[in-house]
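Take this structure, written in structure tokens, and hold onto it; I'll ask about it next.
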Amino acid sequence: MAININAYQEVLSRLKPYNAQLVAVSKTKPAEDIAAFYAAGQRIFGENYVQELVDKQAVLPADIEWHFIGHLQSNKVKYMAPFVHTIHAVDSLKLLQEINKQAAKHQRVINCLLQVHIAAEETKFGLDGQELQQLLSSWNSHQADFANIRIAGMMGMATNTTNETQVRQEFHQLHQLFGSVKTTFFNTQDYFRELSIGMSADYTIALEEGSTLVRIGSLLFGERNYNQ
Ligand SMILES: *Cc1c(COP(=O)(O)O)cnc(C)c1O
């Protein structure tokens, strides 16, 4: 077990002044590692793979708040709908509709974060500014059809670079977009309040740029090995 409880305590102390929350990203890591952080007080965990999330949820304490942070295919929503708290990477109206439909079957409301593409890399998922606007307009004019989802905020991933200025700029841009979206679409709604930015390498920058949810994996759980 390579988990790092000291790093966990340090992350928590850095989050505190910002009132931000930690999503402990446990993808590829065994349930025992999650249980160890749970024993230390952590309750929010993030997973990227549907089957892995479902398997872990079944064997871990029921009061864990599960966040799905990976790219999600519509046909897999049904497996997590009974329990998932927040889905971070929603990037289409079709996915939002499916989440709503599956949440309704369980009489639940699932929090959704809209993923916006902020990185310079081509490969990352997410909406551009115009697509975001379109999705929100469609949602806004059919709000009654979305009673089982709540658009709780936005999510983004900065470019994978050591250039801190660039990372800061990308987070800053997303925070500004978040502010204008809130004003335009969620003026009277206090539930639109999460900005999910920041990972192990860049979470301190993200906090300075308005993060309310940091998603941290390797710093807490050790490096991931995808080939085992
Ligand atoms: C894996 C992952 C993280 C955590 O990354 P670390 O660098 O290990 O902290 C955060 N967000 C997303 C979307 C991820 O896929």
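Which helices of the chain meet both criteria: a Cα extent of 24 Å or more along the helical axis and a mean Kyte-Doolittle score no lower than 1.6, with helices taken as whole DSSP H segments?
Membrane-span-like by this rule: not one helix.
Taking only Cα atoms and a 10 Å spring cutoff, compute GNM fluctuations for the chain and point out the largest among Ser137, Ser211, Ser196.
Comparing Ser137, Ser211, Ser196 in the GNM, the peak value goes to Ser137.
Please report how far the C-alpha centroid of the range 27-78 lies from that of the range 124-141, rounded to the nearest whole angstrom.
The range 27-78 and the range 124-141 have Cα centres separated by 27 Å.
Across the chain, what fraction of all alpha-carbon pairs, as a whole percent, falls in each successive 5 Å bin from zero upward?
Whole-percent P(r) values from 0 Å outward: 1, 7, 15, 19, 20, 17, 13, 6, 2, 0.
Report the paramagnetic label zone for Lys94: residues of the range 21-65 whose backbone N is under 20 Å from a point 7 Å from Cα along the Cα-to-Cβ axis.
50, by backbone N distance to the label point.
Read the figures in this text as sums done on the coordinates, not as results from a lab. From a predicted model like this one, the values you see are computed outputs, not experimental measurements. When we count neighbours, we look across all protein chains shown, and the Cβ atoms used for this are built from the backbone with ideal geometry, even at glycine.
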